[in-house]
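The values are calculated or read from the model by the stated rules, or taken from the named source; none is laboratory data. Just so we're clear, the structure is a prediction, and the values are computed from it rather than from any experiment. Glycine also receives a Cβ, built like all others from the backbone with ideal geometry; neighbour counts cover every protein chain displayed. Only protein heavy atoms, including side chains, enter the accessible area calculation; ligands, DNA and RNA are left aside. Shrake-Rupley method; radii C 1.70, N 1.55, O 1.52, S 1.80 Å.
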Amino acid sequence: MITIIILDSLSKLKQERTSAAVYHLLVGKRSSQTLQDAHIYHLTGYFGIAKGMDKHAFDQKVENLVSKHYLAYRGDKAFVTEKGMSFLKNNENHGFLLHYNGLVYDRAADLFYERLSLFIQTAANIKRGNHRFIPVSDNQEVLLWMKKYYTAARHRLQELLDQLYGEMLPFLKRLPEQHADIFVKRLSGYSHFGMSKVQLAAFYDMDKYDFTVLYQLILHRMLNYIIYDSTPTPTLATFSSGLVKEVFLTDSARKTDDLLKQGRNVEEICKIRRLKESTVHDHLIEIAYAQPDFPLNNYVSPDAVREIGEQIERLKSRKLKQIKQALDDRYSYLQIRLVMAVYRAGRRKGVEQ
Amino acid sequence: MTDNLNKALEKYFGHQSFREGQREIIEDVLQGKDVLGILPTGSGKSVCYQLPARLMSGAVLVISPLISLMMDQEKQLAASGYKDVIAFNSFLSVQKKQDAFRNLAAYKLIYASPEMLQRKGFVKKLSELRISLFVVDEAHCISQWGHEFRPDYLKLHHIIETLQHPPVLALSATATPEVQKDISFQLRKPAMARHIYPMDRENITFQVDELETPSEKIKRISNVLKAHPVPTMIYFSSRNWTEKAAAELSAALPDMNVAFYHGGMEQSDRILIQQQFMNDQLDVICCTSAFGMGIDKQNIRLVIHFHLPPQIESFIQEVGRAGRDGLSSVSLVLLSPNDDLLPRKLIQSELPGREEIARVIRYMKSRVQQGVFRLPEQDILLESLQISETKWRFLRYHFENHGMMDNDRIVSSFDWETIQEKISRVAAERTKYKLAKVNELLWWAEQTECRRKALFAPFQDTTKEPSYHCCDRCGFKFSEWAPVTKATRKSESYNWKQALKQIMLQGDSDEEIKSG
Ligand SMILES: Nc1ncnc2c1ncn2[C@@H]1O[C@H](COP(=O)(O)OP(=O)(O)O)[C@@H](O)[C@H]1O
Ligand SMILES: [Mg+2]
Ligand SMILES: [Zn+2]
């Protein structure tokens, strides 16, 4: 998995950055260079999905790709060879890449999971009459949250477990069997402790970092499911609430955003800022990714949002041209990109209705 | 009184009766005596102050060097419903620390690391409370001759004085007579009531095997475990080795669940692995000494030392995790040539060498010359001095001792050369002492006399009669060992839908799951 993520990233960087930029992206380095790269090259999804990976391990993976002739060097920049591109496109995991939403879910994914798994463990133990159990999380922030949540929830633990089960099941059924296995195997319940990440990786004979990014994929998909899938998930949503925050904007995009908030339209902004229309469009995309309350409907009608969204889902592709054609060229690139942005930024359900 | 104590034990902790030593210590504590209690690991020393905490008015202050242990205890107490417990240490968030400071009077049981007591504000807060008992856990840390000397512990007598001499309870699992004397001297409590209980456990059998190579050690372990599939801990001195051995043993023992544990793992994984082992989901854990503090698993049948720890005291503690339930258990030590190199290297990395001492003194001197007396934040300091925290702790203690430093400030300029010379000499002595400790254990392993007698001789006059086998020197053979086993089962087929139903208490988990 991580190898195709590296390939995909390098192909999008178009030899304009060295592979170190990919490393910084994957480990989630919070520098403006890395954040800008993420936005400009449409790599925000991969931000921070391999935290803790050491540079040496990363370099080895790159070298490995070079020795397989998937990557080659031009000067100090690596590029993806034709062989590499076809490996990437035909990889069984290629379709999953678009689910990553790293910049938005950075930190949130793990905290969400800790809350959820701690609650399931707590509820299961208390329901079974076991009040003395060692919690699976000792993160102060999570424990504090749980204390509050539990106070309100303690009289309807079974009901909440039932609801969570009902909301999780359709999601897990959508996943490949192995991914659902992994998710469930890590959960702890009454008198049962889940498997650790290291154990799971060993069980599936996976490289440590392949597993790391796969695990993040599952969590990101779950958050995507909670936040913008049409299936109602009111109970799961209580576990992610407050965690998914605004993303940084580049300075230039922020200026555009200020003008938008003053009521200017794209044309006016181009004049005021002496920018090309395409640049301001890029800013719009960046803002749409970053802000959950982006007024999408000012640019795309609710019906169009639904139609474009369905098409993206159906094609499992981020190729604009392909999507545009599939929609009979009825929508502009900007419109499709905006829907994609809002869609992938994890817009809250119901906003577009 | 006696009856009431029993009732209180049952009421607050759910235990039916006291274990050896507990009642005697608690009775003395409740009478306001200063007490020294030496009880083996796992014998229940915590009850000796946790029960008084429930019975006495005022708060009980517990000094403990083991932050992880402290947190475990706080967690356990919180899990059993005690809200009036707080542990002060570097892991506590600033917010929580401030809240706790404000409400300090609300707590019955206050754990603090010795470092916390360096903070004048904290001590002042404490002195405004009524501290009814001052507990020094792991009290051997106070002695230069203890195996885990902590300079911070040496200042405890000042704190005791500031708190107007509450009764003192010092507890340790391992202390030679020499260390016992030192504890009472360092706390300035010459007349402590002493409750010393022997550390040897009659249900543990000792064996030492000499092998040529590490891979022979692995082979030996897998043969033992094939014949005796029992809950097992295997100690290593390096993280890498725990991972490597776990992988090899998993392959060699397909019917057993093997995992590794060390301090470098992700926190959530650490909790899962530790609890799986506690919960009998794992059979074998390959670990460093980071595992096991506060571990209270009853049915560990076998403790293997792939590498020896750097001193006898740690070895006794680690072996003491076996057979808490009193059933037959074995300690197996695996030796190979050059096994002493690693601990030697470790010791040399713990104490500052001449060069390093000179470098630090130069740094301090140059600061004073520039008129800067305050030292930077510890992280920055360590970074710029290129020195480990352990080494710095040692040096700071000695600087303070020589009156050179007070609370992160260099007091004034000094006869640097003399001090450098003195500290270098102390460091060299400590190194020599620690290396001698390593040799002690190796020497023990090579003795031809009874292992049990030789191991406990420095700590006590006699050893108990073993209830199963004694040791290989007294004729024990693994082939004769018949331990009670309760191996975990490996599940063959896995169905996440079934598993999820079970975890989330969804009706009858055996029922057919509808597809869809
Ligand atoms: N009187 C008792 N009866 C049964 N179990 C006890 C008793 N006292 C303590 N324990 C248990 O023994 C275990 C070890 O106690 P702990 O205080 O951590 O030991 P130590 O500090 O001496 O190593 C704990 O699980 C505790 O609940
Ligand atoms: Mg203890
Ligand atoms: Zn013997």
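Tell me, yes or no, whether the range A:216-237 has at least one residue that is touching a residue at least 60 places away in the same chain (Cβ under 8 Å), open to solvent by 10 Å² or more (accessible area, probe 1.4 Å), more than 12 Å from chain B (Cβ to nearest Cβ) and among the aromatic types (F, W, Y). There is at least one residue in the range A:216-237 that is touching a residue at least 60 places away in the same chain (Cβ under 8 Å), open to solvent by 10 Å² or more (accessible area, probe 1.4 Å), more than 12 Å from chain B (Cβ to nearest Cβ) and among the aromatic types (F, W, Y). Scanning the range A:174-183 for residues that are part of a helix (DSSP H, G or I), open to solvent by 20 Å² or more (accessible area, probe 1.4 Å) and more than 7 Å from chain B (Cβ to nearest Cβ) yields A:R174, A:E177, A:Q178. When the range B:1-55 is limited to residues that are within 14 Å of another protein chain (Cβ to nearest Cβ) and within 16 Å of ligand 2 (Cβ to nearest atom), the one that is most open to solvent (accessible area, probe 1.4 Å) turns out to be B:H15. Exactly one residue among B:K124, B:K97 is more than 16 Å from ligand 3 (Cβ to nearest atom), at pLDDT below 85 and in a helix (DSSP H, G or I), and that residue is B:K97. From the list B:T431, B:T448, B:T463, B:T485, pick out the single residue that is away from chain A (no Cβ under 14 Å), assigned to a loop (DSSP other than H, G, I, E, B) and either within 25 Å of the chain's Cα centre (by Cα) or within 16 Å of ligand 1 (Cβ to nearest atom) (or both). Going through B:T431, B:T448, B:T463, B:T485 in turn, just one is away from chain A (no Cβ under 14 Å), assigned to a loop (DSSP other than H, G, I, E, B) and either within 25 Å of the chain's Cα centre (by Cα) or within 16 Å of ligand 1 (Cβ to nearest atom) (or both): B:T463. Entry remark, the range A:115-141: residues being open to solvent by 20 Å² or more (accessible area, probe 1.4 Å), within 8 Å of chain B (Cβ to nearest Cβ), under 23 Å from B:Q506 (Cβ atoms) and not aromatic (F, W, Y) number 4 in total. Taken over the range A:154-166, the criterion of being modelled with pLDDT of 90 or more and either open to solvent by 20 Å² or more (accessible area, probe 1.4 Å) or more than 21 Å from A:Q216 (Cα to Cα) (or both) is satisfied by A:H155, A:R156, A:L157, A:Q158, A:E159, A:L160, A:L161, A:D162, A:Q163, A:Y165, A:G166. Here is the figure for the range B:357-400: residues that are under 19 Å from B:V426 (Cα atoms) and in contact with a Ser or Thr (Cβ under 6 Å, 6 or more places away or on another chain) total 1. Can we say B:D200 is in contact with a strand residue (DSSP E or B) (Cβ under 9 Å, 6 or more places away or on another chain), away from chain A (no Cβ under 14 Å) and not aromatic (F, W, Y)? No; evaluated as a whole, the condition is false for this residue. Those helices (runs of 4 or more DSSP H) of the range A:252-346 in which 2 or more residues are more than 24 Å from the chain's Cα centre (by Cα) and surrounded by fewer than 15 Cβ atoms within 10 Å (Cβ to Cβ) occupy A:266-273, A:277-290. Listed here are the strands (runs of 3 or more DSSP E) enclosed by the range B:254-340 that have at least 2 residues being within 14 Å of another protein chain (Cβ to nearest Cβ): B:258-261, B:284-287. Which ones in the range B:153-175 are modelled with pLDDT under 90, open to solvent by less than 10 Å² (accessible area, probe 1.4 Å) and either under 20 Å from B:R430 (Cα atoms) or more than 16 Å from ligand 1 (Cβ to nearest atom) (or both)? Those that are modelled with pLDDT under 90, open to solvent by less than 10 Å² (accessible area, probe 1.4 Å) and either under 20 Å from B:R430 (Cα atoms) or more than 16 Å from ligand 1 (Cβ to nearest atom) (or both): B:Y153, B:T174, B:A175.
Is one or more of the residues making up the range A:119-126 farther than 23 Å from A:D8 by Cα and outside any helix (DSSP H, G or I)? So far as the range A:119-126 goes, no, none of its residues is farther than 23 Å from A:D8 by Cα and outside any helix (DSSP H, G or I). Checked against (1) facing chain B (nearest Cβ under 10 Å); (2) open to solvent by 30 Å² or more (accessible area, probe 1.4 Å); (3) hydroxyl-bearing (S, T, Y), A:Y149 passes all but a single condition, namely (1).
Is it true that some residue in the range B:378-394 is at pLDDT below 85, within 30 Å of B:A227 (Cα to Cα) and open to solvent by 50 Å² or more (accessible area, probe 1.4 Å)? Within the range B:378-394, none of the residues are at pLDDT below 85, within 30 Å of B:A227 (Cα to Cα) and open to solvent by 50 Å² or more (accessible area, probe 1.4 Å). In this structure, B:S467 qualifies as open to solvent by 40 Å² or more (accessible area, probe 1.4 Å), of a type in the set (S, T, Y) and within 16 Å of ligand 3 (Cβ to nearest atom).
Where residues in the range A:184-202 are within 7 Å of another protein chain (Cβ to nearest Cβ) and farther than 18 Å from B:D280 by Cα, which of them is most open to solvent (accessible area, probe 1.4 Å)? Among them, the one singled out is A:V198.
Entry remark, the range B:313-329: residues being open to solvent by 10 Å² or more (accessible area, probe 1.4 Å) and either free of Cβ contacts under 8 Å to residues at least 12 places away in the same chain or away from ligand 1 (no atom under 13 Å from the Cβ) (or both) number 3 in total. Within the range B:289-312, none of the residues are buried (at least 24 other Cβ atoms within 10 Å of the Cβ), within 19 Å of B:Q447 (Cα to Cα) and within 16 Å of ligand 2 (Cβ to nearest atom). Within the option set A:L169, A:L161, A:L144, A:L157, being assigned to a helix (DSSP H, G or I) and within 7 Å of chain B (Cβ to nearest Cβ) holds for one residue only, A:L161. In this structure, A:K83 does not qualify as touching a Ser or Thr at 6+ places or on another chain (Cβ under 7 Å) and either surrounded by fewer than 21 Cβ atoms within 10 Å (Cβ to Cβ) or in contact (Cβ under 8 Å) with a residue 12 or more places away in the chain (or both).
Screening A:D205 with (1) at the interface with another protein chain (Cβ under 10 Å from one of its Cβ atoms); (2) part of a loop (DSSP other than H, G, I, E, B) gives one miss only, at (1).
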